[in-house]
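Have a look at the structure below, then the notes.
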Amino acid sequence: MKQIYIHPLPVRIWHWINAIGFIVLIATGLQIRYMDLAQILPFKVAVDVHNWIGFVLMANYFLWLGFYLFTDKITVYLPEMNSEKYFKDSWRQIKFYGYEIFLGKVNPHQPTIYHKFNPLQIMMYQIIMLLFVPIQFISGLLLWDVKQFAFLIDLFGGVRIVDMIHVLMFIVFSGFLIMHLYLITLGHTRFAHIKAMLTGYEEVDEGGKH
Amino acid sequence: MKNFLKPGWLALPSLRIRLVLSSLLALSLAFVAPVALAADVELDAPELACLKCHDKEGLKMKTQKGEVLPLSISTKAFIDSMHNKTSCEDCHDDLDEKEHGKVPSTVSSKREFTLKMSDTCISCHKENVALFKDTVHAAMINGGSEKAATCSDCHNSHTVKSVKIVAPIDQIPCARCHEDIFKAYSKDVHGLERVAKGKTSPTCNNCHSAHEIKAASFGDALKDSCIKCHKDAAPSHEKWLPNSALHFEAVSCPVCHAPDAQRRVNLRMVDSVGGKQLWEQRGVPKFERLIKTADGKEVGLDEKELRSFLKEFNLESEGPKAILSGRLEVRSGVQAHQLSEKEKAIKDCKVCHQYGATPFQTVVLTMAGPDGRPLRHGVEKEILSSLTATGTMKGFYAIGSTRVKLLDYLLVLVLLGVACVPIAHLTANRLFKAKREQLKAASNKDQS
């Protein structure tokens, strides 16, 4: 096994702030929306924590954005422009997670610091980071002060629509979190990927196997 | 000036004699000197002449409707009144000196008489009378109301005192018509303070501005009245209440400050451009007519019926489209006057922000009637949490309590669906264990 440095420190800081923040946002969001089902926190506390963490994560988002925009590591998010190769690589990855992994085969994607994501991850993270997360932040910001952003809220069709979008994204992120928590256990050991996100180093087989 | 009293008034012979005598007396006195009946007020001879007859307890006449119209005026009360320097003729200049008290006067009804006398107030009180014309009372009078207050219903012209010295709350004239509300007020925080602290605490006029009074449920005038005295209300709410500006707009003050009141959702019909409340035109009862068409069973509008009602309403309208603007309010004027001390106000968000919260169990659709008073019709509460009602209800949303149920089902579905992935994957992994180990053993054998 050799150690490959694939998670730079700013990315790890961003990731763990994001991880804790999203869990708190989902938990407080559930509390705010479902006060009638269970009350663990007072409504006001849940709203205040939700708002504060929301702002922390917005600032954190710019840490991520700044890092990738102003360093050459942006390549990790760049998709394959050759569509035939892209679909081929994607299918190879689907095949691996859907079948080959059960046979103990090696992950066809070999991460490096410039290409750490497989094609499916690139697609998924692009959608999440460039579409879903901004939508969630903007809708959350509008709901944080409905009167101040009344003009924008009206533009989007009213507070009810904005809230629905926020909740839809919340459902997406809740689903994503469960999937993410499972997929990170599919390294060469159950904790290999988690360890890599803590130390920055991913263990890769000398012969190119993870 | 219009004729005040027609022939027939003061038909009793004794009164006629008295009137003649008092007139003669007044004339003689007029040439002598004014009479001083109070330390700083002197009544002139003509007034004394009138009071000579009218200062008699029980003096009255019957209207054509058979009502008793009191005619007695206490000289003392008149001298103590704000009108003590106003001559009788200033208001009653239509009286025929020769016939008054001699020829029977006819008054069709007390209401007609008071309305007619109100016309005389404008000669001195131009500003207030002009303001009054835009009030709910004036609008009701124009609509033919027999009960709406006119000048003399609140201000007895012969005993009227400065509002500045009317301290005891039992003298407040509003109580005569709004008795239930006044009773509630007299027991709430303002009423009790009024008794304890005197005029520093508000009475009806301070919030409702008697000469500018609008229907209490109309617009935001009452909220502005609260803020006029409670100047720190906005900043102090901002300190603890998230989205406080929105709460100020969508929740009426008594909803939280009358903790024992029952609450409801009021869907006001407003114009889509300026957000102003829509008024029903006098004589064109569009709201009630279209409601009847939409809600045939008269059990309250469901989502489809509400949509159809708004569609029909807008088809018949020429101006901006009617949309709904929701707010929380208490259910009656009495409850709006059950305000408590600040410490007892509701601060528990859960009262409203949870599914099934009581304020969201009653929903009404409201349009301002021709006089500004609300025309209401019930709406089924299910509309508040319906996804398909989003277009109709887009301006109203309360976290938790009006949450869209379909999104709850979607959340459960997604979580279950997503949870199935690791379960299926782990199960498959276990099922392939033997095969995996077989392949691994074969691979090790090859390598060795």
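Each value in this text was obtained by applying a stated rule to the coordinates, not by laboratory testing. From a predicted model like this one, the values you see are computed outputs, not experimental measurements. For neighbour counting, all protein chains shown are included, and Cβ atoms are generated from backbone atoms with ideal geometry for every residue, glycine included.
Data for the structure
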item	result
Stokes-Einstein D (µm²/s) once Rh is taken as the Kirkwood radius of chain A over alpha-carbon pairs, at 10 °C in 1.306 mPa s	83 µm²/s
Rounded tilt (10° steps) of B:45-54 against the dominant C-alpha axis of chain B	70 degrees
Cα pair distances of the stretch B:224-403 binned at 5 Å [whole percent]	1, 8, 15, 20, 19, 15, 11, 6, 3, 0
Rg(Cα) / (2.2 N^0.38 Å) computed for chain B, rounded to two decimals	1.52
About the Cα centre, charge dipole magnitude for chain B (Lys/Arg +1, Asp/Glu -1 at Cβ), debye	1840 debye
DSSP-defined antiparallel bridges as percent of all bridges, the stretch B:224-403, nearest 5	70 percent
Space enclosed by the convex hull of the alpha-carbon atoms of the protein assembly as shown, per residue, Å³	210 Å³
C-alpha center-to-center spacing [the stretch B:58-120, the stretch B:203-265] in angstrom	41 Å
The stretch B:417-445 versus the stretch B:40-57: alpha-carbon centroid distance in Å	112 Å
Spatial separation of Cα centroids for the stretch A:104-159 and the stretch B:331-379, in angstrom	39 Å
Peptide A:176-186, shielding by other chains (average Cβ, 10 Å cutoff)	3
For the stretch B:280-343: rounded, prolate or oblate by the Cα gyration tensor [a/c cutoff 1.5]	prolate
Largest to smallest principal axis extent of the C-alpha atoms in the stretch A:88-166, angstrom	56, 26, 19
Shape call, the stretch B:117-257: gyration tensor on alpha carbons, a/c limit 1.5	prolate
